[in-house]
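Asker: Would you mind keeping the following structure in view while I ask a few things?
The values are calculated or read from the model by the stated rules, or taken from the named source; none is laboratory data. Predicted model only: the values in this text are computed from it and were never measured. Glycine gets a Cβ as well: all are built from the backbone with ideal geometry, and neighbour counts include every protein chain shown. The area values use the complete protein model at the heavy-atom level, side chains included, leaving out ligands, DNA and RNA. Shrake-Rupley method; radii C 1.70, N 1.55, O 1.52, S 1.80 Å.
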Number of protein chains: 4
Amino acid sequence: MRALVYHGPGERSLDAVPDPQLAAPTDAVVRIDTSTICGTDLHILKGDVPEVRPATILGHEAVGTVVETGSAVTTLAEGDRVLVSCITACGRCRFCKEGHYGLCTGGGGWILGHTIDGLQAEYARIPFADTSVHHVPDELTDDQVLFLADILPTSYEVGVLAGRVKPGDVVAIVGAGPIGLAAILTAKLFTPAMIVAIDLSPARLAKALDFGADVVIENGSENAFARIMELTDGLGADVAIEAVGVPETFELCTELIRPGGRVANVGVHGHPATLHLEKLWIKDVTITTGLVDTFTTPELMKLIAGGRLDPTPFATHRFELGEAMEAYDVFADAGTTHALKVVLTGHPVHLPAAAAKEAVAVS
Amino acid sequence: MRALVYHGPGERSLDAVPDPQLAAPTDAVVRIDTSTICGTDLHILKGDVPEVRPATILGHEAVGTVVETGSAVTTLAEGDRVLVSCITACGRCRFCKEGHYGLCTGGGGWILGHTIDGLQAEYARIPFADTSVHHVPDELTDDQVLFLADILPTSYEVGVLAGRVKPGDVVAIVGAGPIGLAAILTAKLFTPAMIVAIDLSPARLAKALDFGADVVIENGSENAFARIMELTDGLGADVAIEAVGVPETFELCTELIRPGGRVANVGVHGHPATLHLEKLWIKDVTITTGLVDTFTTPELMKLIAGGRLDPTPFATHRFELGEAMEAYDVFADAGTTHALKVVLTGHPVHLPAAAAKEAVAVS
Amino acid sequence: MRALVYHGPGERSLDAVPDPQLAAPTDAVVRIDTSTICGTDLHILKGDVPEVRPATILGHEAVGTVVETGSAVTTLAEGDRVLVSCITACGRCRFCKEGHYGLCTGGGGWILGHTIDGLQAEYARIPFADTSVHHVPDELTDDQVLFLADILPTSYEVGVLAGRVKPGDVVAIVGAGPIGLAAILTAKLFTPAMIVAIDLSPARLAKALDFGADVVIENGSENAFARIMELTDGLGADVAIEAVGVPETFELCTELIRPGGRVANVGVHGHPATLHLEKLWIKDVTITTGLVDTFTTPELMKLIAGGRLDPTPFATHRFELGEAMEAYDVFADAGTTHALKVVLTGHPVHLPAAAAKEAVAVS
Amino acid sequence: MRALVYHGPGERSLDAVPDPQLAAPTDAVVRIDTSTICGTDLHILKGDVPEVRPATILGHEAVGTVVETGSAVTTLAEGDRVLVSCITACGRCRFCKEGHYGLCTGGGGWILGHTIDGLQAEYARIPFADTSVHHVPDELTDDQVLFLADILPTSYEVGVLAGRVKPGDVVAIVGAGPIGLAAILTAKLFTPAMIVAIDLSPARLAKALDFGADVVIENGSENAFARIMELTDGLGADVAIEAVGVPETFELCTELIRPGGRVANVGVHGHPATLHLEKLWIKDVTITTGLVDTFTTPELMKLIAGGRLDPTPFATHRFELGEAMEAYDVFADAGTTHALKVVLTGHPVHLPAAAAKEAVAVS
């Protein structure tokens, strides 16, 4: 089959590789119908995630169709349409039992496109399939559910829920890239009184308004701290969601929240930040971090099915899997292309698995 | 001044009575600009609330203007525009400190128009004023905030919050009178996947659709239990809110919730219900009851100010205080008049207090 | 092998039956080293649980040793010492993912000794073994962990946690049988200010004092409601835990709690109760019901290992499996024998499985 | 009257000063029967709290007797025995209504011995008396309740409750001074499986064992991180409570907690710390800070009255108010004197207020 393969820092190619096979009774093999590229994939390509070994297929977000199941799989059958989540859950360890699938110690967690082959391919082997994929109702399209594989539950769980957004709150979201936009979209589920988006880029702030921000602050040209204080009668925001991943934006979050407020960090950080405990010790703040668990995926899917949540505007560009190299270029150059998420469709013609194996792609 | 006075079961009149005076350093006197009539006032008139003594001025919901404050009042000044809440809070007792103002043991709780004179009058004495009224921002009209005095926080706190409505839930609201409609309006703050309103009256169900119900069930002509099961794949509703106050509707709520579901009783009951423990013991249900505390009034006011919540459609009829007798007739005959809430405006001409005293009205 | 078999209402015998076999890749076969009898087993024998078919082996609480595992079992190996819980969890359904194993819709829930063969036997087949048994640390004896199979998590989850017992509370526990005593033991984990046990039997109340009750009330000879009010300055208990299962005790619980209090029903009920909504609607009460989920089993096991919790006093009588008929008699006649829990030891000599098969016992 | 007065950094004296007078209708004047010195008083004397102006009476923890009340005080009368809390609550502002008295914006918060005269004196004026003092039951001695004025609710609310200690947890408490010891004492209310105290001083660690720690780690001579990992099978502590107030101990807390763990900062910090987000972003941690609100004071008082909590071992030294200068010396030199808390008794002979005024003390 064809797959987008990592070959070390800066090196990727669309390769012909062997089809995946069941390796454990709890596995399933899924035909990938639609997948997408994550900012994390770009980090891997920069060499920032050294545990990804060369020759690994990338990708951890997809919608597909079950083609084969192991003997222990009880809830899936060939032909089932499923969302494959970025987080794999063994379902047996202490953390999985607590719903903390992201902390799975039984062989799951974030493994797809990380420690094992991922989903930017024609087929993928999915470990612990019973507890790691979600049935997709017939009435929902791939595009409607695709972003439930990572970006929506990430912003919702690690940002909105961890930050305990509630009706009437002022919510400051620092960073208006895809994660920040997903935070805006899902924060609205709790009807805050005001959502304020903060970013350096006017283009991203324009998107923030489209996704539902009430106020935008162009950080740098405006003083974000001063503007938040002005908007809140000098009190500060109830919740600040960090959606960038650099020390400056985290520190801004700790400044602009009110006494008793919550800072929810969603950004992936490579460097330490300074925590101004000499100011914060008395301020009754709560700071949270976390990887997504995807425990809210069923809830978010119900909201999409009920017409309450529409993630399709994230899909700004669309490619066939055979164009995956170009898709990466477009996604990586978001500053120019204004890409939010690029959709990769796997099977323009629904070839049988055997035939698909023969399709050859060159990087 | 003029006031609507209770004279025993079935007896009310618009009387000339003495102006209220400060009686404690924590009191304020408020000029009533706008008030409304509650279903509870009708209960009082039926004689169902015997602790209301004849000669009591009725009413516990108003917007007004502070005209005088006791020496201990620190947060209010003459001329301040305030919402007077149905619940008075001493602010000192154990329950007030816990935010359970409705359970106040220090002289508060529901006292206005109940154990002391109420608000359907030109002026009213408000005990524990610092902790029992809310400043109204200039940009909000009386109509926008009036229903924060009782109906909105009641349905929100005792129904929506006690029932722990959350994004994606199926919420069944049994009863589509004003309390049920306020439950619909405030349940939407948490973006349930589906709100189902159940009532006997097609007219009330039409209102439920206007207020945001997704599905309505005409109980009696339809089998509400069967319809809910059909809508939820046989599971039942996540939350059921009782907004009527008779045993049958309460029992229906306990039937139509799913295992693990919540029943939040808001209705005022005069009779016991049957609790089918032989079915419910194993069903993981939570049942809650309660009087409103009004602790969410500031939050709801922020949502109105932010344009997220609009209670003005409750105001179906409008009268001057001098027409209060007719207003009661219209409100009591809601089946015919389709009244939701009637608004009483106190001061068509803004007379000074001294002059107002001389105005005489006879029932 | 030998097993205690139900043959219809009133009929039980110790029979020679075939050894259990693996039936699914997620199964394990466990040699039962120690088991016990539950009050529910007596209900089954009375014919109160008609879904138990004749020829079913009874029992849902045991400590044993894994002898065989299906191909999909990843966390267990032959020789592992395990606690077999009364609740089986498929680990895949929506309720299992939420930790509500008792509501499992994927083939689990309470099935052992109910809809499939149980644990009062030499061996048992355990479905969904990975998610339904718990490893037992070497340093803990069978007696120390046996009551974690049902009684302790039941009283803790459905009584103490659902009732939100917290430091300083007054907790009234109605019923001082094994479930009520386990509620006393586990309520103490939250350091209430006072635990009050209420029962008809002076002998059970003496046990309640032994298990840690501060005050006991002999209901009938004393007026329990009046005594609770006296102990709480007329306010009522913060939490009431129903541990009997008849309408009268449930109704007592709703009377003796304070405004804002919680009633947690643990008792198994066969009849409806009267809910006095005409008094309770205004009282801010929370009433909960539920079957145990056993999600707290690991937490309780840590407390036993840390010396914080000692359930061994429940073991009042001890028999070999061959004496199971007599053990039932002693347990059923607790009024005379003062039995709390009877321990059945399966393997006085540790015969190899093959040899054990040949042991024959006749009722 | 006599009072311990701050005269600028390094300067304190026992002075004759005028008796306090009522200044607002919500004030009370309290005769101080017993008071104590806080670590914060030493900080003030070092000049670390510049908002304390010279000539301020120090002290914010006392038990006393009401001698006079303002006209608006409704819950206190002359002769009432009261605990005066370190936090004054206006009872009217948004934060007070939410129970966040420490964040009071209506004139309260920490003001006693800070922005107004404090309690190390014969008498004190207590603003907002109705909402800022607590009645002391007759059966409790001053010593039993004195430490409820600050140290116990501080460690309980900001450490134990913010850290969500629960039964079965491993709790690491970094710092075994009075605040750390109070954290040990109150963490035990939730029956953790293991309490580990970490400090540099063997003498303080010996005290930690006395107060209920299960394991102590002498930081420096032992590697605290490695030892915690050893005790927790490499997982880390469930909760870490910072009770020192320097960057190193805070950073240690963030290292030694498990994925999903909670760090509760109680220490008063003068400098920023480094937050290793490059490790923590994925670790699902919650970090909290805060000043005490004292909302748990009634709960803790019930536990003392019920014999569940005994703070009297904190009282290691005892002086009359006239010996306050020496008391400070002893408390400041805790390394040598092993003082935990020094008790100052105000009235060795119960002089009438008039006579007491004449007593003169010289620094």
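Asker: Find the centroid of the Cα atoms in the range B:172-246 and in the range D:283-304, then give the distance between the two in whole Å.
Answerer: Taking the Cα centre of each part, the range B:172-246 and the range D:283-304 sit 40 Å apart.
Asker: OK, next. Hey, in the GNM for chain D with a 10 angstrom Cα cutoff, which one of D:Ile184, D:Ile282, D:Ile198 fluctuates hardest?
Answerer: D:Ile282
Asker: Using each residue's phi in the range C:124-139, evaluate 6.51 cos²θ - 1.76 cosθ + 1.60 at θ = phi - 60° and report the 3J(HN,Hα) Karplus result to the nearest Hz, with x for Gly and Pro.
Answerer: Karplus-based 3J(HN,Hα) across the range C:124-139 equals 8, 8, 10, x, 6, 4, 4, 10, 10, 10, 10, 4, 9, x, 4, 6 Hz.
Asker: What does the net charge come to around A:Gly91 if you take all other residues with beta carbon closer than 11 Å to its beta carbon, with K and R at +1 and D and E at -1? Walk me through the numbers on the way to the answer.
Answerer: Details: positive: A:Arg92, A:Lys97, C:Arg92, C:Lys97; negative: A:Asp130, C:Asp130.
So the environment of A:Gly91 carries a net charge of +2.
Asker: Scale the Cα Rg of the range B:154-288 by the rule-of-thumb value 2.2 N^0.38 Å and send over the ratio, two decimals. Don't jump to the answer; show the numbers that get you there.
Answerer: Details: Rg = 13.0 Å, N = 135, 2.2 N^0.38 = 14.2 Å.
With N residues counted in the range B:154-288, Rg over 2.2 N^0.38 Å equals 0.92.
Asker: Still on this structure, please answer the following. Express the relative contact order of chain B as a whole percentage, based on alpha carbon pairs under 8 Å and six or more residues apart in sequence. Spell out each step's value before the answer.
Answerer: On the way: 859 pairs, mean separation 67.9, N = 363.
Across chain B, relative contact order equals 19 percent.
Asker: Along the positive direction of the dipole of the range D:154-288 (beta-carbon charges: Lys, Arg +1; Asp, Glu -1; about the Cα centre), which of D:Ala176, D:Pro202, D:Thr286 reaches farthest?
Answerer: Farthest towards the positive pole: D:Thr286.
Asker: Between chains C and A, what is the buried accessible area summed over both chains (1.4 Å probe, protein heavy atoms, nearest 100 Å²)? Display every interim value, and only then the final one.
Answerer: Numbers: alone 15100 and 15120 Å², together 29000 Å².
It comes to approximately 1200 Å² buried between C and A.
Asker: Hey, another quick one. To the nearest 20 Debye, how big is the dipole of the protein assembly as shown about its Cα centre, given +1 on the beta carbon of each Lys and Arg and -1 on that of each Asp and Glu? Present the calculation step by step, with values, prior to reporting the outcome.
Answerer: Working: 100 positive and 184 negative charges, 1 e Å.
Magnitude of the dipole: close to 0 debye.
Asker: Is there a simple number for the mean count of other chain Cβ atoms within 10 Å of the Cβ of residues in D:90-100, and what is it? Please list the in-between numbers first.
Answerer: On the way: counts 5, 10, 9, 2, 3, 4, 3, 10, 4, 3, 3.
The per-residue average across the peptide is 5.
Asker: Okay, next question. Which value in nm describes the separation of the simple spin-label points at A:Glu222 and C:Asp310, placed 7 Å from the Cα toward the beta carbon?
Answerer: Between A:Glu222 and C:Asp310, the label points sit 6.6 nm apart.
Asker: Only sites in a loop by DSSP and with at most 13 other Cβ atoms within 10 Å count here; which GluC sites (Glu not before Pro) in the range A:55-115 make the cut? Each step should come with its number before you reach the end.
Answerer: On the way: sites: A:Glu61, A:Glu68, A:Glu78, A:Glu98; in loops: A:Glu61, A:Glu78, A:Glu98.
Listed in order of number, the matching sites are A:Glu78.
Asker: What is the magnitude of the charge dipole of the range B:154-288 about its Cα centre, with +1 placed on the Cβ of each Lys and Arg, -1 on the Cβ of each Asp and Glu, and no other charges, expressed in debye to the nearest 20? Numbers along the way, then the final one.
Answerer: Numbers: 10 positive and 16 negative charges, 62 e Å.
Charge dipole of the range B:154-288: 300 debye, to the nearest 20.
Asker: Sticking with this one: Shielding of C:24-32 by partners, i.e. mean partner chain Cβ atoms within 10 Å per residue?
Answerer: Working: counts 3, 7, 7, 0, 0, 0, 0, 0, 0.
Across the residues of C:24-32, the mean count of other-chain Cβ atoms within 10 Å is 2.
Asker: What number comes out for the charge environment of B:Phe190, summing +1 per Lys or Arg and -1 per Asp or Glu over other residues with Cβ under 15 Å away?
Answerer: Values: positive: A:Arg164, A:Lys166, A:Lys188, A:Lys302, A:Arg308, B:Arg164, B:Lys166, B:Lys188, B:Arg262, B:Arg308; negative: A:Asp169, A:Glu299, B:Glu157, B:Asp169, B:Asp214, B:Asp238, B:Glu299.
Taking every other residue near B:Phe190 into account, the sum is +3.
Asker: On a 29 Å Cα-Cα criterion, which of the cross-link pairs B:Lys97/B:Lys207; B:Lys166/D:Lys279; C:Lys207/D:Lys188; B:Lys166/B:Lys207 come out too long?
Answerer: Beyond 29 Å: B:Lys97/B:Lys207; B:Lys166/D:Lys279.
Asker: Rounded, prolate or oblate: pick one for chain B, where a ≥ b ≥ c are the square roots of the eigenvalues of its C-alpha gyration tensor, a/c under 1.5 means rounded, and failing that, prolate if a/b is larger than b/c, else oblate.
Answerer: On the way: a/c = 1.93, a/b = 1.72, b/c = 1.12.
The shape class here is prolate.
Asker: Does any residue of the range C:284-305 lose at least 10 Å² of accessible area with all protein chains in place compared with its chain alone, and if so which ones (probe 1.4 Å)?
Answerer: The answer is C:Asp284, C:Val285, C:Thr286, C:Ile287, C:Thr288, C:Thr289, C:Gly290, C:Leu291, C:Glu299, C:Lys302, C:Leu303 - residues whose exposure falls by at least 10 Å² when every protein chain is included.
Asker: Let me ask you something else. If I take every Cα pair under 8 Å that is 6 or more residues apart in the range C:154-288, average their sequence separation and divide by the length, what percent do I get for the relative contact order? It would help to have the intermediate numbers written out before the result.
Answerer: Working: 295 pairs, mean separation 34.0, N = 135.
The normalised contact order for the range C:154-288 reaches 25 percent.
Asker: For D:His43, what is the net charge nearby, where nearby means another residue's Cβ is under 14 Å from its Cβ and Lys, Arg count +1, Asp, Glu -1? Present the calculation step by step, with values, prior to reporting the outcome.
Answerer: Working: positive: D:Arg12, D:Lys46; negative: A:Glu278, D:Asp41, D:Asp48, D:Glu51, D:Asp150.
Taking every Cβ under 14 Å from that of D:His43, the sum is -3.
Asker: Counting only protein heavy atoms and using a 1.4 Å probe, what share of the accessible area of the range B:154-288 belongs to carbon plus sulfur, as a whole percent?
Answerer: Values: 2350 of 4140 Å².
The value for the range B:154-288 is 57 percent carbon and sulfur by accessible area.
Asker: So with the 1.4 Å probe, I'd like the accessible area per residue for the range C:99-204, rounded to whole Å².
Answerer: Numbers: 2560 Å² over 106 residues.
Using a 1.4 Å probe on heavy atoms only, each residue of the range C:99-204 averages 24 Å².
Asker: When the C-alpha atoms of the range C:1-119 are aligned to their principal axes, what extent does each axis show, in angstrom, from largest down?
Answerer: 40, 31, 22
Asker: Counting only helical runs of four or more DSSP H residues, what would the 222 nm mean residue ellipticity of the protein assembly as shown come to if each run contributes -39,500 (n - 2.57) and the total is spread over all its residues? Walk me through the intermediate numbers first.
Answerer: Values: 52 runs with 364 residues, N = 1452.
Here the helix-only value at 222 nm equals -6500 deg cm²/dmol.
Asker: Using a Gaussian network model of chain A whose springs link C-alpha atoms within less than 10 Å, name the residue from A:Ser201, A:Ser85, A:Ser221 with the highest mean-square fluctuation.
Answerer: A:Ser221
Asker: What is the protein assembly as shown by shape, rounded, prolate or oblate, if you read a ≥ b ≥ c off the alpha carbon gyration tensor as root eigenvalues and call it rounded for a/c under 1.5, prolate for a/b larger than b/c, and oblate otherwise?
Answerer: Details: a/c = 1.31, a/b = 1.26, b/c = 1.04.
Rounded is the answer for the protein assembly as shown, as its axis ratio a/c remains below 1.5.
Asker: Continuing with this model, one more query. A:Ala203 to A:Met325: FRET efficiency via 1/(1 + (r/R0)^6), r the Cβ-Cβ distance, R0 25 Å, to the nearest 0.05?
Answerer: 0.50
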